[in-house]
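Quick notes on the structure that follows.
The values are calculated or read from the model by the stated rules, or taken from the named source; none is laboratory data. None of the values given here were measured: they were computed from a predicted structure. Counting neighbours? That spans all protein chains shown, and the Cβs are built from the backbone with ideal geometry, glycine included.
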Amino acid sequence: MRDTPRARLMLAAALIAALALIATDYQNGSSPIVRAVKGVGGTVIGNAERAVSSLTRPVGRFVGSGLAGAGAGGRVAALEQKLTRLRAQLSSATLARAKYRQLGRLLQLAGAGRYRIVAASVVAFGQGFTQAVTLDVGSADGVRPQQTVLDGDGLVGQVVAVSARTCTVLLAAAASSVVGIRLAPSDQFGWVTGQGSAAGARGLLVLQVPDPAAVLTRGEQLVTAASVRDRPFVPGVPVGVVVAVRNRAGALTAQAFVRPYADFTSLDVVGVVIAPPRRDPRFSVLPPRPRPVPSAPPRRRPSGRSLQRSRPRTRH
C-alpha cells in the first residue's frame, strides 16, 4: 500500500474506530474480543507475576524473618523484664524471710526475759556503724529516752533521743557507752565500755571488774545489771562473752575483752523495751555456753625395746 494522503486518512479512521470499540466493550466486559484480550493479558501478566514472585520470595522470607526476629526481640525483652520483676520479688521474699527470722528470735528472747517490747527496724546508721542508729518508732509508739534496745541476739544499746515517729539509739559499742553487767556464773558486778571505731577494736567491748583480785576466764558470759528504776538498762539482757583477759600489774581493776552477742554492723529488726520484767531473769536468757573442745592426748613414741619386740624374727 502506497503512502498517500488517502491511505493515511483511512488508517487513522480505522484506528479511531478500533479504539472506540475497545473502550465500549471494556466498560461492560461482555465483548468476546475484550475477554480474549484480557485472557491473553492475564496469562502474560500472571506469568510475569509468578516470575517476579519466584525472584522476590527469598527476599520476602528474609525480610519476614527479620520482622519475626524483631518480634522475638520484643518477646525476649518482655521476658527479661518479667525475669527482673521475679528476681526483685524473690529478693523481697528473701528479705522478708530474713526479717521474719530476726523477729522470731527477738520475740523468743523477749519472751524468755519477760520484756515488753516495741518491734522496730533500723532505718539509718550513723558515725561508722558503731556509734548510733535511727529506728522507725518514736513517742507515738510509747518509746521514751533511756530505754533498753535489744535484738534477737542480745543488747544493742539505749535510746538517747526521741521524736514522734523515730528515735536515736546509742550503741553499746560506742566509745561513750557504759553498761553495768553481771558475770555468769560468778555473779560479779562490773561494766563494759565500747571502743567505737578505734584502731584494733575489732568490735570488742572492754570489761572492767572493780575487784582487782577477781579471776576472769575466757568463755564467761555477761548480762546487763539492773539500772536504777530499770533505766537505761533492764536486767538479764545477754551482752557478750569474754574472749581475752588482760591482767596488768598494779591495775585497780581486772580487765578483759568481750565479744558482744549482737552484730552492730548488720542491725535490722530490733526491739525497744517499754516495760521491764517483774522479776530479774538473771542468767536464764543467756545462750548455752560453748563447751571447750578437748585436745587429743599426745602420741607416745614406742621405746627401743618395743621396737625390737615388734620386729619379726628371721630364720636363716
**Prompt:** residue 266 versus (1) surrounded by 20 or more Cβ atoms within 10 Å (Cβ to Cβ); (2) without any contact (Cβ under 8 Å) to a residue 12 or more places away in the chain: which is the lone unmet condition?
**Reply:** (1)
**Prompt:** Identify, please: which residue in segment 177-200 is free of Cβ contacts under 8 Å to residues at least 24 places away in the same chain and surrounded by fewer than 16 Cβ atoms within 10 Å (Cβ to Cβ) and is, among those, nearest to residue 230 (Cα to Cα)?
**Reply:** 178
**Message:** Quick test of your reading of the structure: residue 77 fulfils all but one of (1) in the same structural domain as residue 161 (by TED's automatic domain parsing); (2) surrounded by fewer than 15 Cβ atoms within 10 Å (Cβ to Cβ); (3) at pLDDT 75 or above. Name the failing condition by number.
**Reply:** (1)
**Asked** Within segment 163-170, can one find any residue that is surrounded by fewer than 16 Cβ atoms within 10 Å (Cβ to Cβ), of a type in the set (A, V, I, L, M) and farther than 23 Å from residue 238 by Cβ?
**Response** yes
**Request:** Kindly indicate the residue of segment 165-204 that is among the basic types (Lys, Arg) and in a loop (DSSP other than H, G, I, E, B) and also modelled with the highest pLDDT among those meeting that condition.
**Result:** 165
**Request:** State whether one or more residues within segment 163-174 are of a type in the set (A, V, I, L, M, F, W, C) and either in contact with a helix residue (DSSP H, G or I) (Cβ under 6 Å, 6 or more places away or on another chain) or assigned by TED's automatic domain parsing to the domain that holds residue 108 (or both).
**Result:** yes
**Asked** Hey, any hits in segment 223-244 for a residue that's touching a Pro at 6+ places or on another chain (Cβ under 6 Å), crowded, with 16+ Cβ neighbours inside 10 Å and more than 23 Å from residue 278 (Cβ to Cβ)?
**Response** yes
**Message:** Looking for something surrounded by 14 or more Cβ atoms within 10 Å (Cβ to Cβ) and more than 18 Å from residue 238 (Cβ to Cβ) - is there at least one such residue anywhere in segment 100-114?
**Reply:** no
